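Chemist: Mind looking over this structure? Questions follow.
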Amino acid sequence: MVVNGSDDETYQLAEAARSSFEAADWRFQALDLVAGGKVGALNHGDKVAAFEARIYLDADVVLSPQLLAELADLLDQEQPVYCSGTAVITAERSLFSKAYARFYACMPFVSVGVPGFGLFGVNAAGRKRWDLFPEIISDDTFVRLHFTPRERHLAAARYEWPVVEGFRALVRVRRRQDQGVVEIQKTYPHLLANDDKRPGRVWAALRAGLRHPIGFVVYFMVAIAVRLGRHSTGEWSRGR
């Protein structure tokens with residue numbers, strides 16, 4: 001586990017869990033980096049990792065007990081493999097964010113294929129497809145697009161991926177996500193050949209809107225706010 005310049009108790013909590021890992025005969029190492037930045041943490045973790053297959057996950061995702069075993073089985077192949085679990089999008093407090101999460105979960109880029117946001121794994125052959133993680137916003141998109149849709153595998157076991165709480169935080173994160181997509185398109189256009197083809201996205205959004213009308217309104221309120229402030233910049237924030 002790599003803690004990248006955190007000012008909370010993440011590192012202390014990780015160290016407190018060490019005995020549980022050791023009791024299960026698992027190797028566990030927590031690294032507390034002074035410098036912040038997710039890309040630096042990813043590269044440092046890769047540098048010290050003992051095993052060639054890798055599973056990368058954000059600190060705020062929650063895995064179901066069986067997910068790691070399913071991912072390990074998927075990665076146990078010689079040909080390049082990318083995998084992730086079945087995402088459950090959650091919001092704990094804000095009614096606005098709960099409505100957004102319900103609608104967001106119905107969108108094709110979430111419900112079709114293997115999106116891998118917040119959690120993805122690659123085997124040894126797959127990890128050889130890029131060197132260091134570059135200084136980009138969307139590391140998960142960068143990795144996913146190194147694999148064709150046929151090389152991506154979805155585990156049935158679930159993990160929880162929380163959206164941020166409140167309208168302003170959702171706008172900040174959504175703006176950052178959009179910037180990440182544009183950055184990939186400009187910097188690594190050759191990777192777009194591996195993107196999933198999702199025809200009927202407009203119809204899918206309308207059908208989701210019929211099932212979740214409040215979520216439909218909330219989602220597009222965020223989208224409009226992002227568009228109106230599309231020239232805004234700022235530091236990366238998950239809103240927590």
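Chemist: Take the range 203-219 and flag every residue that is in a helix (DSSP H, G or I) and at pLDDT 85 or above.
Modeler: L210, R211, P213, I214, G215, F216, V217, V218, Y219, listed by residue number.
Chemist: Where in the range 1-113 are there helices (runs of 4 or more DSSP H), lying fully within it, with 1 or more residues that are of a type in the set (D, E, K, R) and surrounded by fewer than 16 Cβ atoms within 10 Å (Cβ to Cβ)?
Modeler: Answer list for the range 1-113: 10-16, 18-23, 38-48, 67-75.
Chemist: Which ones in the range 114-126 are surrounded by 19 or more Cβ atoms within 10 Å (Cβ to Cβ), over 21 Å from A59 (Cβ atoms) and in contact (Cβ under 8 Å) with a residue 60 or more places away in the chain?
Modeler: Answer for the range 114-126, where residues must be surrounded by 19 or more Cβ atoms within 10 Å (Cβ to Cβ), over 21 Å from A59 (Cβ atoms) and in contact (Cβ under 8 Å) with a residue 60 or more places away in the chain: just N123.
Chemist: Here is a further query. How do the pairs read when you match residues in the range 140-158 that are over 27 Å from N43 (Cβ atoms) with residues anywhere that are part of a strand (DSSP E or B), using Cβ under 7 Å and keeping only pairs 6 or more apart or on different chains?
Modeler: Taking only residues 6 or more apart or on different chains, the pairs are A156/T86; A157/G85; A157/T86; R158/G85; R158/T86; R158/V88.
Chemist: Name the residue, out of P149, P162, P108, P115, that is within 18 Å of R211 (Cβ to Cβ) and touching an Asp or Glu at 6+ places or on another chain (Cβ under 9 Å).
Modeler: Selected residue: P108, the only one of P149, P162, P108, P115 that is within 18 Å of R211 (Cβ to Cβ) and touching an Asp or Glu at 6+ places or on another chain (Cβ under 9 Å).
Chemist: Continuing with the same structure: Can you pull out the residues in the range 167-187 that are among the aliphatic types (A, V, I, L, M) and either crowded, with 16+ Cβ neighbours inside 10 Å or not in a helix (DSSP H, G or I) (or both)?
Modeler: A169, L170, V171, V173, I184
Chemist: State whether the residues of the range 188-202 include one that is within 18 Å of V222 (Cα to Cα), surrounded by fewer than 12 Cβ atoms within 10 Å (Cβ to Cβ) and modelled with pLDDT under 95.
Modeler: The answer is yes, given that some residue of the range 188-202 is within 18 Å of V222 (Cα to Cα), surrounded by fewer than 12 Cβ atoms within 10 Å (Cβ to Cβ) and modelled with pLDDT under 95.
Chemist: Just to be sure I understand, how many residues within the range 188-202 are free of Cβ contacts under 8 Å to residues at least 24 places away in the same chain and part of a helix (DSSP H, G or I)?
Modeler: Counting residues in the range 188-202 that are free of Cβ contacts under 8 Å to residues at least 24 places away in the same chain and part of a helix (DSSP H, G or I) gives 4.
Chemist: Given the options R175, R150, name the one that is over 30 Å from M221 (Cβ atoms) and not small (G, A, S).
Modeler: Answer to the check: R150.
Chemist: I need every pair where a residue in the range 35-48 that is within 20 Å of A124 (Cα to Cα) and in contact (Cβ under 8 Å) with a residue 40 or more places away in the chain has its Cβ under 6 Å from the Cβ of a residue that is hydrophobic (A, V, I, L, M, F, W, C) and surrounded by 16 or more Cβ atoms within 10 Å (Cβ to Cβ), sequence separation at least 6 or different chains.
Modeler: V39/F133; L42/F133; N43/F133; H44/V2; G45/V2
The values are calculated or read from the model by the stated rules, or taken from the named source; none is laboratory data. Being a predicted model, the structure only gives us computed values, none of them experimental. With ideal geometry, Cβ positions are generated from the backbone for all residues, glycine too; neighbour counts draw on all protein chains shown.
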